[in-house]
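Written below as structure tokens is the structure these notes are about.
The values are calculated or read from the model by the stated rules, or taken from the named source; none is laboratory data. Quick caveat, the model's predicted, so the values are computed rather than measured. With ideal geometry, Cβ positions are generated from the backbone for all residues, glycine too; neighbour counts draw on all protein chains shown. Just the protein is used for accessible areas: all its heavy atoms, side chains included, with ligands, DNA and RNA removed. Shrake-Rupley method; radii C 1.70, N 1.55, O 1.52, S 1.80 Å.
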Amino acid sequence: MTTPENVVRALAEPTRLRAFAAVVLGAGTLTDVASASGLKPKDAGTALNKLREAGLVVGDPARPADLKPLAATLTESMPADGLAPFIQNDRLVSLPVAHERRRKILEHVAAHAFTARTYYEEKEINERLRAWCDGGEVDHVTIRRYLVDLGLLERGGGLYQAQPLPM
């Protein structure tokens, strides 16, 4: 079923976005999509398959799916906090590609999973992040690495310390 979340998730990946743009602009065959998008045929084929699974592309040759029924179901606007569709029901569903949005999402996770200036063993960090990643596209190890890289968690001496968020 095509949902707003599936649409955003499918188009958040640059290769799929390029392939979808090529289809919308008239490319239908795999060769045409690869040529119009500048993708390798294998990558274009994979992107088209994912776009079909998401309900954005139909047929062979490919053509854009009719999204009017989906648009008609959108009666309420997305929350202005920018977390949807990346966080749903206290679960990290996916991460945005844009660095600033990704940082905002990870700050949210860090603020809700950890207490600032508190030390945690790696096992506890993993448990808390697994709870956030359960059922999503991102694994807890990747999230832990991002949190360390962004300075939201500090690592040293076998322990992690949650850092206060910037104001």
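Among the numbered conditions (1) assigned to a loop (DSSP other than H, G, I, E, B); (2) closer than 27 Å to residue 5 by Cβ, the only one that residue 43 does not meet is (1). The set of residues in the range 127-140 that are of a type in the set (A, V, I, L, M, F, W, C) and open to solvent by 30 Å² or more (accessible area, probe 1.4 Å) contains only 131.
Taken together, the residues in the range 19-40 that are surrounded by fewer than 21 Cβ atoms within 10 Å (Cβ to Cβ) and part of a helix (DSSP H, G or I) amount to 7.
Checking the structure you have, find out if any residue of the range 3-22 is free of Cβ contacts under 8 Å to residues at least 24 places away in the same chain and farther than 24 Å from residue 84 by Cβ. Among the residues of the range 3-22, at least one is free of Cβ contacts under 8 Å to residues at least 24 places away in the same chain and farther than 24 Å from residue 84 by Cβ, which makes the answer yes. Identify all residues within the range 49-61 that are aliphatic (A, V, I, L, M) and surrounded by fewer than 23 Cβ atoms within 10 Å (Cβ to Cβ); write none if there are none. Those that are aliphatic (A, V, I, L, M) and surrounded by fewer than 23 Cβ atoms within 10 Å (Cβ to Cβ): 54, 58. Out of contact with any Asp or Glu (no Cβ under 9 Å at 6 or more places or on another chain), at pLDDT 90 or above, closer than 23 Å to residue 84 by Cα and among the aliphatic types (A, V, I, L, M): is that true of residue 113 in this structure? When the stated conditions are applied, residue 113 passes them.
Inside the range 81-139, residues that are among the acidic types (Asp, Glu), under 27 Å from residue 158 (Cβ atoms) and part of a helix (DSSP H, G or I) make up a count of 4. In the range 141-161, the residue that is least open to solvent (accessible area, probe 1.4 Å) out of those that are over 26 Å from residue 85 (Cβ atoms) and in contact with a strand residue (DSSP E or B) (Cβ under 6 Å, 6 or more places away or on another chain) is 160. Scanning the range 90-126 for residues that are surrounded by 13 or more Cβ atoms within 10 Å (Cβ to Cβ) and of a type in the set (Asp, Glu) yields 107, 124.
Candidates in the range 1-27 are the residues that are of a type in the set (Gly, Ala, Ser) and over 10 Å from the mean Cα position of the chain (by Cα); of these, the one that is farthest from residue 45 (Cα to Cα) is 26.
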